[in-house]
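A.B. asks: Got a structure here, written out as C-alpha cells. Questions coming.
The values are calculated or read from the model by the stated rules, or taken from the named source; none is laboratory data. Please read these numbers as outputs of a predicted model, since none were measured by experiment. Positions of Cβ are backbone-derived with ideal geometry, glycine not excepted, and every protein chain shown enters the neighbour counts. We work out accessible area using only protein heavy atoms, side chains counted, and drop any ligands, DNA or RNA first. Shrake-Rupley method; radii C 1.70, N 1.55, O 1.52, S 1.80 Å.
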Amino acid sequence: MYAQEVKSTGKGLKTLEEMDPEERAFQEKIDANIKIEPKEWMPEGYRKTLIRQISQHAHSEIVGQLPEGNWITRAPTLDRKAILLAKVQDEAGHGLYLYCAAETLGISRDQMTEQLLSGKAKYSSIFNYPTLTWADIGAIGWLVDGAAIMNQVPIQRCSFGPYSRAMIRVCKEESFHQRQGYDIMMVLAKGTPEQKEMAQDALNRWWWPSLMMFGPPDAESVHSVQSMAWKIKMNTNDELRQKFVDQTVPQAEYLGLKVPDDDLKWNEEKDGYDFGEIDWGEFYEILKGNGPCNKERLGARQKAWSDGEWFREGLMAYSKKRKARKVAAE
Amino acid sequence: MTGDPVFEFALRMGDNCLVLGQSNSAWCGHAPILEEDIALANVSLDLIGQAKLWLSLAAELQGEDKSADDIAFLRDVREFRNCLLVEQPNGDYAQTLMRQFLFDAWHLPMLTALVRSTNVRISEVAEKSVKEAAYHLERSTDLVIRLGDGNDESRDRMQSALKALWRFTGELTTPDDVDQALQEDQAAPDLDEIAAHYEQYTQRVLREATLVIPDVSGMQIGGKSGLHTEGLGFLLAEMQSLQRMYPGASW
Amino acid sequence: MSNEWPLWEVFIRGQHGLSHRHVGSLHAPDAEMAVNNARDVYTRRNEGVSIWVVPANEITASAPGEKGPLFEPANSKVYRHPTFFNIPKEVGQM
C-alpha cells in the first residue's frame, strides 16, 4: 500500500509466556484493543517498525502530490481545476498529519525528509508511473485512492494512538477523492469516442500498478505476521487486494470499460473474482528505483526542498531576531 | 472603449484572479515547506473561485449563452484583460510572494470599495470575495515583512523580486475610459483614491520589511486593454490545451 | 538541518461554546506563524472558530506510569456520574 515494504524488526512471534513482564503487559493491552500512546513503554521493534511505516505512508502522500499536480495547470474547467487543487492540497495535509504522528516516536520531520531525499526511504510504487492524459487523473482518483482508502480505513483502528487519529482525519477528508476520480471517468466514458478511448487507455495503464499497491503476495511478505500481532497492519495484502478487485470490477463495468485482464473471472465458490498473475518483476524494479518516473519524482522533491531552504532559513532568522528584540526591550 | 464597461470590468477582475490563481497553483507540491504548500493552495483556491464569479458575470452580460469556462478557456491572449503584474512568471518563491503582495495591496481596497458599488452584480461578487482578499493581504504582508527583514539572502531575494515587479504596479491604479465610465456611475471607485491608499500601504510595509522601492522611469501598462507581456501566451497554451484539443467536449 | 522550525501543538474550538480540542501539530518559526499555519492546515473545511497553539516541548504531561494513581481515585467517585442515581420513571426527565 502506501507503505508497501515495511520491514518489521520483530524477531518472530513470541508467545505471551515467552515475553518478559513489560512486553507481555504491552501485548495484552494491544490484544484488548487499548491504544498505545507515545510516551508509554513499547518494544523497540514496535517503535522502529512504526516509524518506517508511518514515514513511508507520509512520503507517499507527498510524492503522490506530483503525478496529479502535473495536471492542475491543465485541468479542463474551472471547477475541475479547483477540485484537483483541493485534492492535491489535501495530500500535502495528510503527509503533514502523518509526519507529525511519526514525530511522536522520536524522529524529526527533517530527518524523515532527509531519508526520502537521499533515496533511503521508500514510498509507494504507484507514484512512479507517468500521468499522460486527463483520464489518468480520473483513474488515479478512482483506482489509486480507492486502493488507498481500502487500506486506510482499517488502520483507523490500529494500536498506536497518533497513527490511528491521523488516519481518522485522513479518511474523513479523503471521502471525496475517490468520488471525484470516478466522476471524471463517468464523464469521459459518456463523452466523445476519443474521450472514451482516453478513459480505457488510462484504465489499461493504471489497473495493474493499482493491484501492486497492496504489496507482495502474503506468502512473500515475511514481516506481516509481527505487524498484525502488533495491530499496525490490520489485513493481509492478498485480502485487501481481493476486496479491491471485487469492488472495482463492477464499477468498471458500469463505466462500460474493460478491465485489462483476460484471466478475470467470477468464482462462485469463493464469492469473488479470480484474476491474472501480477508482474512482480516490474514491482521490484520500481522499488529499486528503476520505474519510469522514479528519478523525476525524487528530483522534484529534492529541488523543492533545496530551492526552499532560503525561505525556511529566512523566516527562522526573522523569528529569532524578533525574539531577541523583545527580550532587549524588556 | 467598445461595448459594455461592466462586461469589460468583470473580465479584468476575473482575469486577474484566474491568471494569478493559475500561476500560484503550479507551486502545489513544490513549495518550500508543507505548511506553505497548503497555505498557498488556499490562496489559489480562493482566486479560482473568485475568477469563476467574475467570469460568470461576464458571460451572462455577454448574452451569447456562454459559460465562465468558455470565457476562461476559449479566448486568446489579446482578449485577456488582466493586469501585467499577475502574468509575470512565478520565478523563485520570493517573486511569487512579492507578486501576491503587490496585487493583494490593490485587490483589497478595490473589493472593499466595490462592495458599495451601485451595480448590484458587481457588489455581490465583491461581497463574496472581500474577506478572502483581506486574509490574502494579511498573509502576504506578514511574509514580505518577515522575509525582507529575515537574513541577507531572504532580503536580497525579496529586493530583487520587488525590483522586477514594481514597474507593473502603476497599471493597477491608472484609469482608462472603462474605469472612468464606471466611476461616473459610482459602480467602481475613483482609482486615484485607490492609488493614494496603495502608495501609503505598500510604502509602510516595504519600509518595515527593510526593502527599497526602486526608481522606475516608466510604468508598464497594457494588460487591461489586451496588450500583454510574452509570458501570458505560454500560460494560456498550457491552461487551455484540453479545451483547444477537443473542441466541444464536456469534462 | 539543525535549524528546523519548532513543532507546535494545535487546539481548535470547533463551535462557539465548546472547549478547544487538540487536533494535531505543525511546524512554524514562531507562535504567530503557527496560528496562521494552523488556520491553513487544520481549518480547510471551516472546522474552527478559535485556534490555540502551544510549543510542543512546553507541554508538561503526566507520566504514563502514573495513570493508575492519578485517575483511579476519580473512578471511585461514581456518584459524580448522573447514571449513579436511579430516579423512578414517574418523576420524568431529570
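A.B. asks: What are the residues in the stretch A:99-110 that are outside any loop (DSSP other than H, G, I, E, B) and in contact with a helix residue (DSSP H, G or I) (Cβ under 9 Å, 6 or more places away or on another chain), if any?
C.D. replies: We begin by selecting, within the stretch A:99-110, every residue outside any loop (DSSP other than H, G, I, E, B); these are A:99-103, A:109-110.
Those that are outside any loop (DSSP other than H, G, I, E, B) and in contact with a helix residue (DSSP H, G or I) (Cβ under 9 Å, 6 or more places away or on another chain): A:Tyr99, A:Cys100, A:Ala101, A:Ala102, A:Glu103, A:Arg109.
Listed here are the residues, each with its yes/no results for (1) touching a Pro at 6+ places or on another chain (Cβ under 9 Å); (2) within 14 Å of another protein chain (Cβ to nearest Cβ).
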site	(1), (2)
A:Phe176	no, yes
A:Tyr182	no, no
A:Val187	no, yes
A:Lys190	no, yes
A:Asp201	no, no
A:Asn204	yes, no
A:Met212	no, no
A:Ala219	no, no
A:Met228	no, no
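A.B. asks: Here are the criteria: (1) free of Cβ contacts under 8 Å to residues at least 40 places away in the same chain; (2) at the interface with chain B (Cβ under 7 Å from one of its Cβ atoms); (3) of a type outside the set (Lys, Arg). Tell me which single one A:Asp110 does not satisfy.
C.D. replies: Only one criterion in (1) free of Cβ contacts under 8 Å to residues at least 40 places away in the same chain; (2) at the interface with chain B (Cβ under 7 Å from one of its Cβ atoms); (3) of a type outside the set (Lys, Arg) is unmet by A:Asp110, namely (2).
A.B. asks: Within the stretch B:174-181, identify whether any single residue is open to solvent by 20 Å² or more (accessible area, probe 1.4 Å), among the hydroxyl-bearing types (Ser, Thr, Tyr) and over 30 Å from C:Ala38 (Cα atoms), and answer yes or no.
C.D. replies: Within the stretch B:174-181, the subset open to solvent by 20 Å² or more (accessible area, probe 1.4 Å) is B:174-177, B:180-181.
Next, from what is left, pick out any that are among the hydroxyl-bearing types (Ser, Thr, Tyr): B:174.
Among the residues that remain, those that are also over 30 Å from C:Ala38 (Cα atoms) are: B:174.
The answer is yes, given that some residue of the stretch B:174-181 is open to solvent by 20 Å² or more (accessible area, probe 1.4 Å), among the hydroxyl-bearing types (Ser, Thr, Tyr) and over 30 Å from C:Ala38 (Cα atoms).
A.B. asks: Output the number of the condition that B:Asp192 fails; it satisfies all remaining conditions of (1) without any contact (Cβ under 8 Å) to a residue 24 or more places away in the chain; (2) within 14 Å of chain A (Cβ to nearest Cβ); (3) not hydrophobic (A, V, I, L, M, F, W, C).
C.D. replies: (2)
A.B. asks: Looking at the stretch C:1-27, which of its residues are outside any strand (DSSP E or B) and closer than 16 Å to C:Ile59 by Cβ? Steps first, answer last, please.
C.D. replies: First pass over the stretch C:1-27, keeping only residues outside any strand (DSSP E or B): C:1-6, C:14-19.
Residue satisfying the conditions is C:Pro6 alone.
A.B. asks: So, in the stretch A:85-101, of the ones that are more than 7 Å from chain B (Cβ to nearest Cβ) and free of Cβ contacts under 8 Å to residues at least 60 places away in the same chain, which residue ends up nearest to B:Leu40 (Cα to Cα)? Steps first, please.
C.D. replies: Taking the stretch A:85-101 first, the residues more than 7 Å from chain B (Cβ to nearest Cβ) are A:87, A:90-91, A:94, A:97-101.
Keeping just the survivors that are free of Cβ contacts under 8 Å to residues at least 60 places away in the same chain gives A:91, A:99.
Working: A:Glu91: 14, A:Tyr99: 20 Å.
Of everything passing the filter in the stretch A:85-101, A:Glu91 is nearest to B:Leu40 (Cα to Cα).
A.B. asks: Quick one: in the stretch A:21-35, which of the residues that are closer than 12 Å to A:Phe160 by Cβ, touching a Lys or Arg at 6+ places or on another chain (Cβ under 9 Å) and part of a helix (DSSP H, G or I) is most open to solvent (accessible area, probe 1.4 Å)? Break it down stepwise before answering.
C.D. replies: From the stretch A:21-35, those closer than 12 Å to A:Phe160 by Cβ are A:26, A:29-30, A:34-35; that's our starting set.
With the extra rule that they be touching a Lys or Arg at 6+ places or on another chain (Cβ under 9 Å), the set shrinks to A:29-30, A:35.
From what's left, part of a helix (DSSP H, G or I): A:29-30.
Numbers: A:Lys29: 66, A:Ile30: 2 Å².
Filtering the stretch A:21-35 for residues that are closer than 12 Å to A:Phe160 by Cβ, touching a Lys or Arg at 6+ places or on another chain (Cβ under 9 Å) and part of a helix (DSSP H, G or I), the one most open to solvent (accessible area, probe 1.4 Å) comes out as A:Lys29.
A.B. asks: Would you be able to tell me the number of residues in the stretch B:159-186 that are closer than 19 Å to B:Leu84 by Cα and within 14 Å of chain A (Cβ to nearest Cβ)?
C.D. replies: In the first step, residues of the stretch B:159-186 are kept if they are closer than 19 Å to B:Leu84 by Cα; the result is B:160-179.
Pick out the ones that are also within 14 Å of chain A (Cβ to nearest Cβ) and you get B:160-161.
Number satisfying all stated conditions: 2.
A.B. asks: May I ask you to list pairs of residues, at least six apart or on different chains, whose Cβ atoms are under 6 Å apart, with the first in the stretch B:68-92 being over 15 Å from B:Leu165 (Cα atoms) and the second being assigned to a loop (DSSP other than H, G, I, E, B) and among the polar types (S, T, N, Q)?
C.D. replies: B:Asp69/A:Thr77; B:Phe73/B:Gln240
A.B. asks: Taking the residues in the stretch B:41-55 that are at the interface with another protein chain (Cβ under 9 Å from one of its Cβ atoms) and open to solvent by 10 Å² or more (accessible area, probe 1.4 Å) as candidates, determine which candidate is farthest from A:Trp305 (Cα to Cα).
C.D. replies: B:Lys52
A.B. asks: Output the number of residues of the stretch A:247-267 satisfying the condition of being without any contact (Cβ under 8 Å) to a residue 40 or more places away in the chain and crowded, with 16+ Cβ neighbours inside 10 Å. Step through it out loud before you land on a result.
C.D. replies: First pass over the stretch A:247-267, keeping only residues without any contact (Cβ under 8 Å) to a residue 40 or more places away in the chain: A:249-250, A:253-254, A:262-267.
Adding the requirement that they be crowded, with 16+ Cβ neighbours inside 10 Å leaves A:249, A:264.
Counting residues in the stretch A:247-267 that are without any contact (Cβ under 8 Å) to a residue 40 or more places away in the chain and crowded, with 16+ Cβ neighbours inside 10 Å gives 2.
A.B. asks: State all residues of the stretch B:148-173 that are surrounded by fewer than 21 Cβ atoms within 10 Å (Cβ to Cβ) and among the basic types (Lys, Arg); if no residue qualifies, say none.
C.D. replies: B:Arg155, B:Lys163, B:Arg167
A.B. asks: So which residues in the stretch A:48-78 are within 12 Å of chain B (Cβ to nearest Cβ), touching a Pro at 6+ places or on another chain (Cβ under 9 Å) and assigned to a helix (DSSP H, G or I)?
C.D. replies: Within the stretch A:48-78, just A:Pro67 meets the criteria.
A.B. asks: Do we find a residue being within 21 Å of B:Thr118 (Cα to Cα) and either in contact (Cβ under 8 Å) with a residue 12 or more places away in the chain or open to solvent by less than 40 Å² (accessible area, probe 1.4 Å) (or both) anywhere in the stretch B:201-219? Step through it out loud before you land on a result.
C.D. replies: Our first condition is that a residue be within 21 Å of B:Thr118 (Cα to Cα); within the stretch B:201-219, this holds for none.
The answer is no; no qualifying residue exists.
A.B. asks: Let me ask another. Looking at the stretch A:36-47, which of its residues are farther than 16 Å from A:Lys233 by Cα and either more than 14 Å from chain C (Cβ to nearest Cβ) or open to solvent by less than 60 Å² (accessible area, probe 1.4 Å) (or both)?
C.D. replies: Step one: of the stretch A:36-47, the residues farther than 16 Å from A:Lys233 by Cα are A:37-44.
Of everything in the stretch A:36-47, those that are farther than 16 Å from A:Lys233 by Cα and either more than 14 Å from chain C (Cβ to nearest Cβ) or open to solvent by less than 60 Å² (accessible area, probe 1.4 Å) (or both) turn out to be A:Glu37, A:Pro38, A:Glu40, A:Met42, A:Pro43, A:Glu44.
A.B. asks: In the stretch A:229-330, which helices (runs of 4 or more DSSP H) lie fully inside it and hold 3 or more residues that are charged (D, E, K, R) and modelled with pLDDT of 95 or more?
C.D. replies: Working: elements: A:237-255, A:280-287, A:294-307, A:309-329.
It comes to A:237-255, A:294-307, A:309-329.
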